[in-house]
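Trainee: Here it is, the structure in full.
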Amino acid sequence: MYLELIAIILTTLFVWDYMKNRRHNVMYAAAGISGPRSYPFVGMAPMMIHESPKTVFDLQFRMIAQYGKNIKMNMMGERGFMTADPKMIEAIMSSQQTIQKNNLYGLLVNWLGDGLLISKGKKWFRRRKIITPAFHFKILEDFVEVFDQQSAVMVQQLYDRADGKTVINMFPVACLCAMDIIAETAMGVKIDAQLQPQFPYVQSVTTASGMLAERFMNPLQRTDSLMKIFYPKLLTKLGDSVKNMHSFTNSVITERRDLLQKSIAETGNANADLLNDVGQKRRMALLDVLLQSTIDGAPLSNDDIREEVDTFMFEGHDTTTSSIAFTCYLLARHPEVQARAFQEIRDVLGDDKSAPVTMQQLGELKYLECVIKESLRLFPSVPLIGRHITEDTVLDGKLIPAHSDVVILIYHAQRDPDYFPDPEKFLPERFSLERKGEINPFAYTPFSAGPRNCIGQKFAMLEIKSTISKMLRHFELLPLGEDVQLVLNLILRSSTGINCGIKPRVY
């Protein structure tokens, strides 16, 4: 009796699973998209048993070789496809029907709320429109001073290790610098992360970023309910970190709103209070733009503003950290490229290491920009992007079924030999003005593309340029330490660190 009941239940479940996936399977077959064998209920999960975040890149390359650049996937109920095909990437990134992020981004909701990174539909469109003026070139021009000042702090902190022998992992070094920069530009406050790495807010950002990266890769940490069962202490620690960050952000927002309202009441001018403690004109920060913005005539609430400020604190430090660290790593291992970049910096900025840089000067560092772009090609800060398709949609001539998750394999597309000859080589000349137009804009998407591209990409490029140029003015970068062992994550990382050595430049 019991065996018969079990058999009936199992048969029913298998039939239910088959029927649930049948439409997807038929439509993907018609579209010519195939993939690894899928098992009932668990999909392709069995093939992942012996894989890890360190091996997933190679696994994806093997699947591309076997199934092509569009690969069907079914993993624990998440159905869809992965793509490293620039034609398909263009169709996805250019379409208004495919701008919704997939479920994995839900891991960030507790911290970031429904901010620009995660929001969708009308809310996303309105927020994007509000925030865009915060990256006007006049505001970015003011931010360059922050980039220069904070990168100066970074190099001064490095001098005690500049013996040409000490191995330096550049990721945590760049992380504290990037955190100082984004706090001052997004919130208008100095947190001195480089001088006070134990400051509670800095510790909370570091803790939350690391834990969210782990949750991204560990299936047992994908939901809070699973975390409560398997990792209750970690969930509590994450919750405490998020609470501390929200408390700090809320206090900054409240203080700035009070100042704004006081200024309007006294002078009728929202910007009259923008003076710092020594009477100098205070820089406009993202927070100031949000405080003065309205939707349908109503100001944004403190919670609305906190969502966006927290989003920029998250997106604005980890991504640039990765790029700065990997660019230093590549320059250390390609002395001829480093020498050419350094000479350009001397030609444009002069020999006074302490002289501040301007936005115009950073714009003249054309070869350094090529170096950074090539570094981002080999080591994109965001190695993959997830989207969710809510309705049947034609993409690159293929009818894709509704309720499909899509993973855009940026890392793999940018190492495609069909678009980048000698893809494993570090060749900054690929991005020279003479070769402009040779690169397919959807084969190279380190800042995404289309309507949901990175709103802060000009900000990021200026910050990276400023920081790398400061490093090269002060130090020669040396090829010390282990080579990188890439780890698939929200942000591209290395399990062995992103290492180099440094010694002071004499000139």
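The values are calculated or read from the model by the stated rules, or taken from the named source; none is laboratory data. All values reported here derive from a predicted model rather than from experimental measurement. Note that we place each Cβ from the backbone using ideal geometry, even for glycine, and neighbour counts take in every protein chain shown.
Trainee: So, of the residues in segment 116-144 that are surrounded by 16 or more Cβ atoms within 10 Å (Cβ to Cβ) and aromatic (Phe, Trp, Tyr), which turns out to be modelled with the lowest pLDDT?
Mentor: Phe135
Trainee: Check segment 72-79 and report whether any residue there is exposed (fewer than 15 other Cβ atoms within 10 Å of the Cβ) and under 19 Å from Val407 (Cβ atoms).
Mentor: Yes; the residues of segment 72-79 include at least one that is exposed (fewer than 15 other Cβ atoms within 10 Å of the Cβ) and under 19 Å from Val407 (Cβ atoms).
Trainee: Tell me, which residue of segment 327-354 that is part of a helix (DSSP H, G or I) and among the acidic types (Asp, Glu) is nearest to Phe420 (Cα to Cα)?
Mentor: Glu336
Trainee: Pull up segment 185-205, narrow it to residues that are part of a loop (DSSP other than H, G, I, E, B) and hydrophobic (A, V, I, L, M, F, W, C), then point me to the one that is surrounded by the most Cβ atoms within 10 Å (Cβ to Cβ).
Mentor: Result: Ala193.
Trainee: I've got another one for you. Quick one: is Phe147 in a helix (DSSP H, G or I), among the hydrophobic types (A, V, I, L, M, F, W, C) and exposed (fewer than 15 other Cβ atoms within 10 Å of the Cβ)?
Mentor: So Phe147 does not fit the description; no.
Trainee: Further question: Going residue by residue through segment 205-225, is there one that turns out to be assigned by TED's automatic domain parsing to the domain that holds Ile324 and either touching a Ser or Thr at 6+ places or on another chain (Cβ under 7 Å) or within 25 Å of Val357 (Cα to Cα) (or both)?
Mentor: Yes, there is a match, as at least one residue in segment 205-225 is assigned by TED's automatic domain parsing to the domain that holds Ile324 and either touching a Ser or Thr at 6+ places or on another chain (Cβ under 7 Å) or within 25 Å of Val357 (Cα to Cα) (or both).
Trainee: Next question. Failed condition for Val155, given (1) touching a His at 6+ places or on another chain (Cβ under 6 Å); (2) under 24 Å from Arg257 (Cβ atoms), with all others met?
Mentor: The number of the failed condition is (2).
Yes/no matrix, rows are residues, columns are (1) out of contact with any Cys (no Cβ under 8 Å at 6 or more places or on another chain); (2) crowded, with 16+ Cβ neighbours inside 10 Å; (3) closer than 22 Å to Val487 by Cβ:
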{"site": "Glu369", "(1), (2), (3)": "yes, yes, no"}
{"site": "Ser381", "(1), (2), (3)": "yes, yes, yes"}
{"site": "Ile389", "(1), (2), (3)": "yes, yes, no"}
{"site": "Leu395", "(1), (2), (3)": "yes, yes, no"}
{"site": "Ala402", "(1), (2), (3)": "yes, no, no"}
{"site": "Asp418", "(1), (2), (3)": "yes, no, no"}
{"site": "Pro421", "(1), (2), (3)": "yes, no, no"}
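Trainee: Looking only at helices (runs of 4 or more DSSP H) that fall completely inside segment 1-100, which ones have 3 or more residues that are modelled with pLDDT under 95?
Mentor: Because the criterion is at least 3 residues that are modelled with pLDDT under 95, the helices (runs of 4 or more DSSP H) in segment 1-100 that meet it are 2-30, 56-67.
Trainee: Here is a list: Val357, Val407, Val382. Which entry is part of a strand (DSSP E or B), touching a residue at least 40 places away in the same chain (Cβ under 8 Å) and either touching a Leu at 6+ places or on another chain (Cβ under 7 Å) or under 24 Å from Leu117 (Cα atoms) (or both)?
Mentor: Val407
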